[in-house]
Each structure stands twice: as structure tokens, then as C-alpha cells.
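Visitor: Have a look at this one before I ask anything.
The values are calculated or read from the model by the stated rules, or taken from the named source; none is laboratory data. Keep in mind that what you see is a predicted model, and the values were worked out from it rather than measured. Note: ideal-geometry Cβ built from the backbone for every residue, glycine included; neighbour counts use all protein chains shown. Ligands, DNA and RNA are stripped out before the accessible areas are found, and what is left, the full protein with its side chains, is counted by its heavy atoms. Shrake-Rupley method; radii C 1.70, N 1.55, O 1.52, S 1.80 Å.
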Amino acid sequence: MSNETFKFLLISRVARSISLIYVSLSIPLYLSLLGLSPITIGLIVFGVVGFYSLLSLGLGMLGDRIGYKKSLIIGDALPAIGTFILAFTSNIHLIIPLLVITGIGGGASGGLRGMWSPGISALIASNWRDEKERIKKLGLISSAASAASIVGSLLVSIKQFLPFSPEENFRVIFAFSSILLVISIVSLIFVEEVQRPKKTTKIMKKSSLIYISKVVASNTVTGFGIGLAIPLLPLWFKIAYHVNDFVIGLVFTVSYALTSIGSFLATKLKFDTLKVASITRVLNGVLLIGIAFSPWFYLAAALYAIRGLNAGIGAPNRTAVNVRGISEEDYGAATSIQGISTRVAQLSSGLSGYLLEVWLPLPEFSGGILQAIGGYIYYKLLKERVAKGN
């Protein structure tokens, strides 16, 4: 596969990361500015995650038939439309359905948020067959996307210096975000895709289904925890420590910088891929528990930054493990089902606003426990196949 293809794929993920990281971090803060309560915001995120989960499954299955590049383009077109419209309205009755049907403002706002969209794992797995090469490509893209996320989080910090009203400051950068998504779409047009095996089943082979069921079991537990802890985290920081949007943006900026470093380090590690994938997921949960009970803002911020480094190391390794037992003709459907298991579980975000009001540490504490358990389950379920040399 040509270097040109990888370059354009890299450009796409960088532009997408800047855009969607800003949107993911801003939506809870923007909705709060418009007067919505944490419980209402959590329910809106619930709707966003639910609709986008169904969309992701459909695009993944479609990619097996028409090509993963086309799935990626469709997946970027919807948020491009959504952010463009957001730039011109503060009507909450329009914004709520807009967020849901375009899939923006929901899910985790980690440094790798902008990299993932329906078809990206399948495209990389299809274009680069060797596992070590896959980890290298995934690591480089993850590193670049995480570095780009720094710009997205900085936009949250600097928007308050714009010479407009607080609402208009958000909306000006929503417009910029839509332009970045158009750049992502144009870059994807120039990405090449290898010819895939002809699809022989309606959904996937039995062997692929058995393998992904193990990944899904772990992702469901982990995703439920992420849904509780992460989507409203910017708002959680604001309520817990009374810090402003500028400081919150800086916290995520540092985290994304370390995620970028971690993703680059993942390309250099010589340890067992599955162990790295599992241990880093467990540590992600442990660090969330530490954040939940931190009496000081700077300690919580430092723990979240370390979590970013850890997540950067783990993500490329998990993606490589996730496609080990999947037939090449099933990459799109299988990776989408794996992803949707996490996203559907993140519907727990509908509870996060409620938990936040019941007891402030509860969303991060319960989310951390579940993510740590998910990492343990991941290793236990998948180690048997590794032991067989697959």
C-alpha cells in the first residue's frame, strides 16, 4: 500500500480530531450555558450515543460491500452538517435533535476520539495485513490524531478571548469545526483501498462471530463504565473544582499531548500485545477511581493526564488484537459490532448526570471500577486464542 494513501488517511484523522474533540468537550459546557441541567444533558448524550451506535453498525456492514473508504466519508459527512448548523443557531429545540441525528457531542472525549469512525479499523486491517505493521500504522495515526486533539482542546480554552458573546464564541468555532470535517472528507477521497475478498455471508462467518463475541463481552463492561465517567467529565471538573472553561481545556490539552506520546511509544514496545492491551485498560479504570476521590484539582488533572498516556499505549494494541480472529471479508461488520458494543454500553451516560447530582464522585468511581473489570475480562477471554498461536 502506497505512502500517499497513509498520508491522506493521516490528514483526515488529524482534521477530524481537531474538530470533534472541540465539539465533544464543548457540547456539555454549551448546553449548560444554554440553561440545561446535568441530568438533561446526560439524557441528550444518551440519545446521541444510541443513534450513532445504530449508524456505526450500518456503516460497518455497508463497508464490507461498497468499501470502507465510502463508509468513512459518510461517517464524516453527518457531523460536518451538524457542526455547520450549530454555528448558526442557539435554539435548543433544534440543537437537541440535531446532536442526535448527526452523532456529535456524544461518547468519550479522549485524545483518540477523533481517530475512530465506522470503517477505520477495517480499512487499516485490510490495507496492512501484518500485525506488527498494523500496530505501527495504528500507533502513528493515533499519535498524530492525539496531537491534533491538543488543538481541539485549546480551542475550548481560547474561545473566551474571542470578541463576541459567550454563545457566539462557541458557535464561531463550531463553524471552523465544520470546515475541518470537509477537509477530512476531501482527504479520504484520495485514500486507496485494497481489493477485499468477496462477501460470502449476509453478516459474517461463524468463526468471526465467535471471536468478536469475546471482545464484545469486555467492551460492554468497559463501555458502560466509560459512559458513566467520561462524556460529562468537562462539566464534572467544572462542578467539582469550580474551574472555568479555559482551565478545563488545558487539562484535556495536556492529556491529549501524553496520549500522542503514548501512541508513538506503542509502536516501539516489544511486550506481548494482549497483555499491553489488557493492563492499560485496567489502569485506565484505576486512574478514574483516583480522580473521583482527589481532594485537589491539580491532582485530578495529573491523574487524567497520566490516563491519557496510558490510553495512547493501549489503543493500538487493542485494535490489533481485536482483528486477530476475524476473516478478511468480515472486517467491516466485525469491527463495527465491536465498536457498537462499546457505544451501546455508553448509553449509561444517561445515568451520569443523575449520579453526579446524587454524589459527586459517583460517576468517576463507578465508571473506573467497571473499566478495570473490563480490562481483566478482556485478557481472560482472549488469552486462550493467543496461547494457540493465533
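Visitor: Taking helices (runs of 4 or more DSSP H) that fall entirely within region 216-303, which contain at least 3 residues that are closer than 14 Å to S366 by Cα and of a type in the set (A, V, I, L, M, F, W, C)? Please lay out each step first, then the result.
Guide: Details: elements: 233-241, 245-266, 273-292.
Here the list reads 273-292.
Visitor: Across region 318-363, what is the total count of residues that are in a helix (DSSP H, G or I) and either without any contact (Cβ under 8 Å) to a residue 60 or more places away in the chain or under 17 Å from the mean Cα position of the chain (by Cα) (or both)?
Guide: Residues that pass the stated criteria total 20.
Visitor: Here's something else I'd like to know. I need the full set of residues from region 16-74 which are of a type in the set (D, E, K, R), in contact with an Asp or Glu (Cβ under 6 Å, 6 or more places away or on another chain) and open to solvent by less than 40 Å² (accessible area, probe 1.4 Å), in order please. Show your work before the answer.
Guide: Kept after step one, since they are of a type in the set (D, E, K, R), are these residues of region 16-74: 16, 64-65, 69-70.
Filter once more, keeping what is in contact with an Asp or Glu (Cβ under 6 Å, 6 or more places away or on another chain): 69.
Matches in region 16-74: none.
Visitor: Looking at (1) within 23 Å of V182 (Cα to Cα); (2) touching a residue at least 12 places away in the same chain (Cβ under 8 Å), which is the one condition that is false for K7?
Guide: (2)
Visitor: Pairs needed: first member in region 112-123, hydrophobic (A, V, I, L, M, F, W, C) and modelled with pLDDT under 75; second member anywhere, part of a helix (DSSP H, G or I) and buried (at least 24 other Cβ atoms within 10 Å of the Cβ); C-beta distance under 6 Å; at least 6 residues apart or different chains.
Guide: Within 6 Å, the pairs are L112/S142; L112/A315.
Visitor: Identify, please: which residue in region 162-186 is of a type in the set (A, V, I, L, M, F, W, C) and outside any helix (DSSP H, G or I) and is, among those, nearest to the chain's Cα centre (by Cα)?
Guide: Selected residue: L162.
Visitor: Going through region 113-145 one residue at a time, which ones are of a type in the set (K, R) and not in a helix (DSSP H, G or I)?
Guide: Result: R113, R129.
Visitor: Residue under question is L188, and the condition is that it be surrounded by 15 or more Cβ atoms within 10 Å (Cβ to Cβ) and either over 17 Å from M115 (Cβ atoms) or polar (S, T, N, Q) (or both); does it hold?
Guide: Values: surrounded by 15 or more Cβ atoms within 10 Å (Cβ to Cβ): yes; either over 17 Å from M115 (Cβ atoms) or polar (S, T, N, Q) (or both): no.
Judged against the criteria, L188 is not a match.
Visitor: Only one of (1) in a loop (DSSP other than H, G, I, E, B); (2) within 30 Å of Y379 (Cβ to Cβ); (3) open to solvent by less than 10 Å² (accessible area, probe 1.4 Å) is not met by M204, so which one is it?
Guide: Of the numbered conditions (1) in a loop (DSSP other than H, G, I, E, B); (2) within 30 Å of Y379 (Cβ to Cβ); (3) open to solvent by less than 10 Å² (accessible area, probe 1.4 Å), the odd one out for M204 is (3).
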